[in-house]
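I have placed the structure first, in the form of structure tokens, so that the comments after it can refer back to it.
The values are calculated or read from the model by the stated rules, or taken from the named source; none is laboratory data. Quick caveat, the model's predicted, so the values are computed rather than measured. Reconstructed Cβ throughout: ideal geometry from the backbone, glycine too, with neighbour counts over all protein chains shown. Heads up: the accessible areas ignore ligands, DNA and RNA and are worked out on the full protein's heavy atoms, side chains in. Shrake-Rupley method; radii C 1.70, N 1.55, O 1.52, S 1.80 Å.
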Amino acid sequence: PVAGMALWALGLDVVFTDLKECLNRTRENLRRNASAVLKTSRLLNRAPGKVHVEELMWGTKDVPREVAAHGPFDLILCSDCIYQRKLHPLLVQTLSTLLTKNNCCMLAYQTRDSAVERAFFCDVLAKTDMKHKPISIKDIVKEMLPLWPLPMQEFLSKKDPDDYFKVYSISL
């Protein structure tokens, strides 16, 4: 939930979703990091947004009432969500219920298995009316690199971050 916490610190309202059995861990993670989020908000001269944690099972036809109550959503952020091929259709079904002409999904993941990643985009997403386009993270990494731990700095200063981390915009 690091990306969601960054958005929370920037003042956006964030709904963190996960399976029922993971919600306590998500709440605990947010609790442990709340002081850092609030400190970041103060440093940025911003008020933190509101945070909600809700259950969301992929593949349902309708968005659960508890999640929908916080919408409409400007941005859907999916982080490391495509590593299991069998879950691709369920994720796409859920995205189809959340996406509108007025929002988009940012899908981010660490490159692990190119065949599984291709399957998501070519075998599942391609069969929908959703469009996707890659977003290079080179400039973001270049700007943030000095803030990261030394081993990560050394690794990424010699590599192309787009070979290791992918970000796609998905929209209708």
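Within the range 104-133, how many residues are surrounded by fewer than 16 Cβ atoms within 10 Å (Cβ to Cβ) and either aromatic (Phe, Trp, Tyr) or touching an Asp or Glu at 6+ places or on another chain (Cβ under 8 Å) (or both)?
The qualifying residues number 2.
Being surrounded by 12 or more Cβ atoms within 10 Å (Cβ to Cβ) and either in contact (Cβ under 8 Å) with a residue 40 or more places away in the chain or within 17 Å of Thr128 (Cβ to Cβ) (or both) is the requirement here; does Gly49 meet it?
Considered against the rule, which asks whether it is surrounded by 12 or more Cβ atoms within 10 Å (Cβ to Cβ) and either in contact (Cβ under 8 Å) with a residue 40 or more places away in the chain or within 17 Å of Thr128 (Cβ to Cβ) (or both), Gly49 comes out as yes.
State the number of residues belonging to the range 145-172 that are hydrophobic (A, V, I, L, M, F, W, C), part of a helix (DSSP H, G or I) and open to solvent by less than 50 Å² (accessible area, probe 1.4 Å).
Of the residues in that region, 2 qualify.
Could you give every pair whose Cβ atoms fall below 7 Å, whose first residue belongs to the range 72-98 and is on the phi > 0 side of the Ramachandran plot, and whose second residue is open to solvent by 70 Å² or more (accessible area, probe 1.4 Å), counting only separations of at least 6 or pairs across chains?
Asp80/Gln110
Please go through the range 24-46 and give me each residue that is hydrophobic (A, V, I, L, M, F, W, C) and surrounded by 12 or more Cβ atoms within 10 Å (Cβ to Cβ), ordered by number.
Scanning the range 24-46 gives Leu30, Ala34, Val37, Leu38, Leu44.
I need every pair where a residue in the range 117-137 that is within 16 Å of Asp80 (Cα to Cα) has its Cβ under 6 Å from the Cβ of a residue that is part of a helix (DSSP H, G or I) and open to solvent by 80 Å² or more (accessible area, probe 1.4 Å), sequence separation at least 6 or different chains.
Ala119/Arg85
Kindly indicate the residue of the range 134-144 that is within 17 Å of the chain's Cα centre (by Cα) and not β-branched (Val, Ile, Thr) and also most open to solvent (accessible area, probe 1.4 Å) among those meeting that condition.
Of everything passing the filter in the range 134-144, Pro134 is most open to solvent (accessible area, probe 1.4 Å).
Could you tell me whether any residue of the range 124-134 is at pLDDT 95 or above and of a type in the set (Ser, Thr, Tyr)?
Yes, there is a match, as at least one residue in the range 124-134 is at pLDDT 95 or above and of a type in the set (Ser, Thr, Tyr).
One residue is enough: does the range 71-88 have a residue meeting the conditions farther than 19 Å from Met5 by Cβ, in a helix (DSSP H, G or I) and more than 17 Å from the chain's Cα centre (by Cα)?
yes
Among the residues of the range 92-118, count how many are outside any strand (DSSP E or B), within 25 Å of Lys159 (Cβ to Cβ) and among the small types (Gly, Ala, Ser).
Result for the range 92-118: 2.
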